[in-house]
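Here the structure comes first, spelled out in structure tokens, and everything after it is commentary.
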Amino acid sequence: MTDKTLKPLTSPARREFLLDAGKTACGLSLAGLCLGLYSHQTQALPPGAIRPPGALPEADFLGACIRCGLCVRDCPYQILKLATPGEHVATGTPYFVARNLPCEMCEDIPCVKACPSGALDHSLTDINKAQMGLAVLIDHETCLNFLGLRCDVCYRVCPLIDKAITLEQQHNTRTDKHAVFIPTVHSDACTGCGKCEKGCVLETPAIKVLPRPLAKAEAGKHYRLGWEEKKKAGQSLIEEQGIVDLPDRMPDATPDAAPGGLPPAKQGNQL
Amino acid sequence: MSQAPATTGGGNRAIGKWWIMRRLSQLGILGLFLLGPLGGVWVVTGNLNSSLTLKTLPLTDPLYLLQMLAAGHMPYQTAWIGAAIVLVFYLLLGGRVFCGWVCPMNIVTDSAAWLRARLRIKGGVRIPRKLRLWVLGGMLVLTAISGTLAWELVNPVSMLHRGLIFGMGWGWLIILAIFLFDVFGSQRAWCGHLCPVGAFYGLLGKASPVHVSAEKRAACNDCMDCFAVCPEPQVITPPLRGAAKGVGPLINDVDCSKCGRCIDVCGKDVFRFRIALANRAADAADASPNN
Ligand code: SF4
Ligand code: SF4
Ligand code: SF4
Ligand code: SF4
């Protein structure tokens, strides 16, 4: 090494060194930036791609999965696939497309057991508790059951029939004398296996499994459902809180009516 | 250095014992992985990132353990055990043995180097060899910032290996780009200057007792064949030319991938593999006053 302190800043060697270092730094940061942006882009899973059971939430999954494909190999039904460059799923990560091959919900969940990294959470031991996605009956206009027919296929093929998906009877307003049976998915039980999507008899399925964050709405944290609160408490929560009941306005109401309204005993007799 | 006049240009003795052994090793390992998907015989499952051999032996690339940790994920025990086994293996044999004997990209870049020599292409983009360490550091920083294994989106090493076993998609384009850059852009650009995987394994190489040794360096007639074929020619100079300065004959620079190409091409049989910890000048076979 030559003694740098003796070299003026403008010496050719010094200049070249600084230039090289600068170029390197610029090139690297640019490459890093591109890769960073690209990685950010692939963080949103396309709706058609479903992760194997037990997968961590997508952001954590992408930091945990080492793209080894051991889950893919241990799936006895060969439904999983590792994403390749050019797909919209992060390269090398496992996913399946329900309409092609749905998850068969193996009782021993071999894919999860095979995962060496923890990207598939080993604490998932009951496949019925898996939440790979959530089925949503998207197209009400084309679904045969909505039209009043009795297709019922999505309901029949569900491994958790009558828990994850039920048929809700409603009045058929078109014929005015029949019933329609609305396939209704229940998010607390649906595993997102995709059997329903695979089974749907339409050319393009009316029911589809979506990533849960996409499919599931979330009410405001402060929302309370009165009837549920009442059930929980065993009684109405507002009765004995001294709620001010404003007077009912009657055509013949006298201006000097008491501010507390009519006494409870009289209420039912009005009108 | 590689531009030095090479009497044979690395073409004459392109195939030698170690070259064959190395290709057998690289293709054999790949073959073991492919035996399952192609032949239905499952000896090894997974890929180089993490694998399971005979349903019992877990192996995990320590670089992936590092990436998981950088991304803020605590890996499972299996990954730790697998990474520890691999780590010990490469600490003993020398980190860049991975590059020379395991990595499938090596076949691609070796072919590129061969073609470049055949086409007599010289010069090109100048890349400092240290850049790979910066790429490694930058890659880990990016992993930490993004919280994802961002490097895996473009890593040609795992892309090629995984691609051959699980399906390639457009990954061929990245491999092709590197091949072309190695041929036309710059000598040994990928493996010798840019690849952070190689840089990482280089860091593991310090303690290994396995070395190529310029044992009979006194017999060297400066034909430069070894410099022409070596993917990291800078590692040869000190041991080969260092007799006068009292430098030992062991090629103990961590960048040496122990590919044995120098052993293959040397017409004077200067080089051989040697297991030794200390690098004493006196260990050279011809450490005699006649030099
Ligand atoms: S539960 Fe069974 S079918 Fe579903 S992904 Fe895992 S191994 Fe495959
Ligand atoms: S086994 Fe785990 S780490 Fe390997 S690809 Fe599957 S999810 Fe990723
Ligand atoms: S995805 Fe469909 S078939 Fe599977 S559990 Fe949910 S409702 Fe049932
Ligand atoms: S299978 Fe399809 S068409 Fe039939 S009821 Fe279910 S969603 Fe409707």
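Read-outs: derived from the displayed coordinates by stated rules, not from any lab. Nothing here was measured: the structure is a model prediction, and the numbers come from that model. Ideal geometry is used to build each Cβ from the backbone, glycine not excepted, and the neighbour counts take in all protein chains shown.
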| When only C-alpha pairs under 8 Å and at least 6 residues apart count, what is the relative contact order of chain A, in percent? | 15
| task | Run down the aspartates and glutamates and flag those whose C-alpha is under 19 Å from the C-alpha of B:Lys122, throwing out any fewer than 8 positions away in its chain. | result | B:Asp110, B:Asp182, B:Asp225, B:Glu232
| request: Name the most mobile residue of B:His161, B:His211, B:His73, meaning the one with the largest mean-square fluctuation, in a Gaussian network model of chain B with Cα contacts below 10 Å. | output: B:His73
| note | Largest fluctuation, A:Asp20, A:Asp60, A:Asp245 only, Gaussian network model of chain A with Cα springs under 10 angstrom, belongs to A:Asp245
| For B:Ile251, distant residues with modelled amide H under 5 Å away | B:Val212, B:Ser213, B:Ala214
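First select every other residue whose beta carbon is under 15 angstrom from the beta carbon of B:Gly46; then total the charges, Lys and Arg +1, Asp and Glu -1.
Details: positive: A:Arg67, A:Arg73, A:Lys81, A:Lys113, B:Lys55, B:Arg162; negative: A:Asp74, B:Asp61, B:Glu152.
Charge balance in the 15 Å sphere: +3.
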| query | Among the Cys residues of chain B, which have no other cysteine Cβ under 4.7 angstrom away? | reply | B:Cys99, B:Cys103, B:Cys191, B:Cys195, B:Cys220, B:Cys223, B:Cys230, B:Cys256, B:Cys259, B:Cys266
| Cβ-defined net charge surrounding B:Leu65, 14 Å radius [Lys, Arg +1; Asp, Glu -1] | -1
| note | Summed over the other residues with a beta carbon less than 14 angstrom from that of B:Lys245, with K and R at +1 and D and E at -1, the charge totals +3
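A 19 angstrom limit on the alpha carbon distance is what I want to check against. Which of A:Lys129/A:Lys195; A:Lys129/A:Lys163; B:Lys206/B:Lys245; A:Lys163/A:Lys216; B:Lys216/B:Lys268; A:Lys113/A:Lys195 exceed it? Don't skip to the end; give the middle numbers.
On the way: A:Lys129/A:Lys195 16 Å; A:Lys129/A:Lys163 12 Å; B:Lys206/B:Lys245 22 Å; A:Lys163/A:Lys216 17 Å; B:Lys216/B:Lys268 8 Å; A:Lys113/A:Lys195 22 Å.
Violating the 19 Å Cα-Cα cut-off are B:Lys206/B:Lys245; A:Lys113/A:Lys195.
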| said: Under 5 Å between amide hydrogens, which residues at least 5 positions from A:Ala179 or on another chain qualify, with H placed 1.01 Å from N in the peptide plane? | reply: A:Asn172
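Determine the shielding of peptide A:22-30 by partner chains: average, over its residues, the number of Cβ atoms on other chains within 10 angstrom of each Cβ. Don't skip to the answer; put the middle values down first.
On the way: counts 0, 2, 6, 2, 0, 4, 6, 1, 0.
Mean shielding count: 2.
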| request: Can you grab the distance from the C-alpha centre of the stretch A:159-214 to the C-alpha centre of the stretch B:175-240, Å, no decimals? | output: 62
| remark: Once phi for every residue in the stretch A:221-233 is put through the Karplus expression 6.51 cos²θ - 1.76 cosθ + 1.60 (θ = phi - 60°), the whole-Hz ³J(HN,Hα) values, with Gly and Pro written as x, are 4, 8, 5, 10, 8, x, 5, 6, 4, 5, 5, 4, 7
| task | Could you pull the Rg and Dmax for chain B, using just the Cα atoms, both in Å? | result | 19.6, 61
| Hey, in the GNM for chain B with a 10 angstrom Cα cutoff, which one of B:Gly171, B:Gly205, B:Gly248 fluctuates hardest? | B:Gly171
| said: What number results when the radius of gyration of the stretch B:70-114, computed over Cα atoms, is divided by 2.2 N^0.38 Å? | reply: 1.55
